[in-house]
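A.B. asks: One structure is given below, represented as structure tokens, and several questions about it will come after.
The values are calculated or read from the model by the stated rules, or taken from the named source; none is laboratory data. What you see is a predicted model; the values in this text were computed from it and never measured. Neighbour counts run over all protein chains shown; Cβ positions are idealised from the backbone, glycine included. The area values use the complete protein model at the heavy-atom level, side chains included, leaving out ligands, DNA and RNA. Shrake-Rupley method; radii C 1.70, N 1.55, O 1.52, S 1.80 Å.
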Amino acid sequence: MHENPNRREVLKGAIGAGLLARLRPDLIVANELPPVRQPQLIRQENERPGTRAWLLTNTRVDPKTKCRCPWIEGYCSHTSIRAGETLQIMVSTAPASRFTIDVYRLGYYQGHGGRLMRELGSFQGTPQKDPEPGDMHVLECDWEPAVAFSIPSDWPSGVYVGKLTAETDGVQSYVIFVVRDDRPCDFLFQCSDATWQAYNRWPDTHSLYRWPDGLEKPRKGRSYTGPDVKVSFDRPYGKYHQITDAPLCQGSGEFLLWEFPIAFWMEKEGYDVSYVGNLDTHVDGTDALRRAKAFFSNGHDEYWTRAMYDSVLGAVHRGMNAAFL
């Protein structure tokens, strides 16, 4: 994967907190015809059969780190991806175990909250190496992909989770990604994945709030809030711990805790909504945002680049509405 341009180049110098991530060169798919409005797309999608099988029923947290699930954990090659592009999922299992990946789209679905989109595996999993800290203490995994597949054209925009299940003892965790489109819509739902990574401690203390070597440790009960720390999207999400002890969210960033309730409600009501991540807002610019009548910043959305701010403000000045929830 190293031969490809990476998200670090896009965000370099843009986010003062130092968020890093890879962008693949196939992010832009050429379309001969402009995207068309599909105002009933989400309503029709939620009429499909739902399931609660997307929920984790057997997960663990390493008592040493109080963060990771080394029995099975993983991450995706993209934070968001379009139909036709290839998604890779990297997985580590310790001890070695065969495993499966069940991919679900999250929404309303008769109150069940998800729909099964694809079953993958089983695959042979092995322990993959933890990275050594790099410049400014960044931890960036370079794991071998377990699977790569093209996003089907009939997968609607939304937030998707891959439910990882180790066959040896049944331990589970998630990977998470956004499927995006470019169609005109009423509401554009921005997932706060930059903030998810800012607070991601995986594998133990490597969030933006750890203190670098050589700097004074914060007083007891306080986090470091200074410079010289970076984080990478190329690693699993550890258990989010700031607000509540919620191991059943293992691997999903902060989406289930902060953002899923509003997505669940919007899809229940049949609103015409499309989904993006923070990096999409950073890259796309004002004109792309104006495909929506209203922009939603949701949940714990505190890490913005100047480009994101300028793009959203520019779209507001040109008539787009914006809500910060």
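A.B. asks: Does E267 satisfy the criteria of being surrounded by 18 or more Cβ atoms within 10 Å (Cβ to Cβ), at pLDDT 95 or above, touching a Phe, Trp or Tyr at 6+ places or on another chain (Cβ under 6 Å) and part of a helix (DSSP H, G or I)?
C.D. replies: yes
A.B. asks: Sticking with this structure for a sec: Is at least one residue of segment 119-126 buried (at least 23 other Cβ atoms within 10 Å of the Cβ), aromatic (F, W, Y) and either in contact (Cβ under 8 Å) with a residue 24 or more places away in the chain or touching a Lys or Arg at 6+ places or on another chain (Cβ under 7 Å) (or both)?
C.D. replies: Looking through segment 119-126, none of the residues is buried (at least 23 other Cβ atoms within 10 Å of the Cβ), aromatic (F, W, Y) and either in contact (Cβ under 8 Å) with a residue 24 or more places away in the chain or touching a Lys or Arg at 6+ places or on another chain (Cβ under 7 Å) (or both).
A.B. asks: Hey, can you tell me all the residues within segment 280-292 that are assigned to a helix (DSSP H, G or I), open to solvent by 40 Å² or more (accessible area, probe 1.4 Å) and of a type outside the set (A, V, I, L, M)?
C.D. replies: Once the filter is applied, which keeps residues that are assigned to a helix (DSSP H, G or I), open to solvent by 40 Å² or more (accessible area, probe 1.4 Å) and of a type outside the set (A, V, I, L, M), segment 280-292 yields D284, D287.
A.B. asks: Follow-up question, since we're still on this one. Can you give me the number of residues within segment 270-279 that are open to solvent by 10 Å² or more (accessible area, probe 1.4 Å) and closer than 22 Å to E302 by Cβ?
C.D. replies: So the answer is 1.
A.B. asks: Here is a further query. In the set G299, G319, which member is in a loop (DSSP other than H, G, I, E, B), farther than 30 Å from A146 by Cβ, open to solvent by 10 Å² or more (accessible area, probe 1.4 Å) and in contact with a strand residue (DSSP E or B) (Cβ under 9 Å, 6 or more places away or on another chain)? Can you show your working first?
C.D. replies: Values: G299 fails: farther than 30 Å from A146 by Cβ.
Only one candidate qualifies: G319.
A.B. asks: Within segment 57-89, track down each residue that is open to solvent by less than 20 Å² (accessible area, probe 1.4 Å) and part of a strand (DSSP E or B).
C.D. replies: E73, G74, Y75, C76, S80, I81, L87, I89
A.B. asks: Condition first: within 15 Å of G251 (Cα to Cα), in a loop (DSSP other than H, G, I, E, B) and open to solvent by 10 Å² or more (accessible area, probe 1.4 Å). Now tell me which residues in segment 183-205 satisfy that.
C.D. replies: Within segment 183-205, Y199, R201, P203, D204 meet the criteria.
A.B. asks: List the number of the failed condition for G162; all other conditions in (1) closer than 30 Å to P227 by Cα; (2) not in a loop (DSSP other than H, G, I, E, B) hold.
C.D. replies: With respect to (1) closer than 30 Å to P227 by Cα; (2) not in a loop (DSSP other than H, G, I, E, B), G162 is out only on (1).
A.B. asks: In segment 135-159, what residues are among the hydrophobic types (A, V, I, L, M, F, W, C), in a strand (DSSP E or B) and open to solvent by 10 Å² or more (accessible area, probe 1.4 Å)?
C.D. replies: Scanning segment 135-159 gives A146, V147, A148, F149.
A.B. asks: Oh, and also: If I ask for residues that are touching a residue at least 60 places away in the same chain (Cβ under 8 Å), in a helix (DSSP H, G or I) and open to solvent by less than 60 Å² (accessible area, probe 1.4 Å), which ones from segment 302-316 would you list?
C.D. replies: A307
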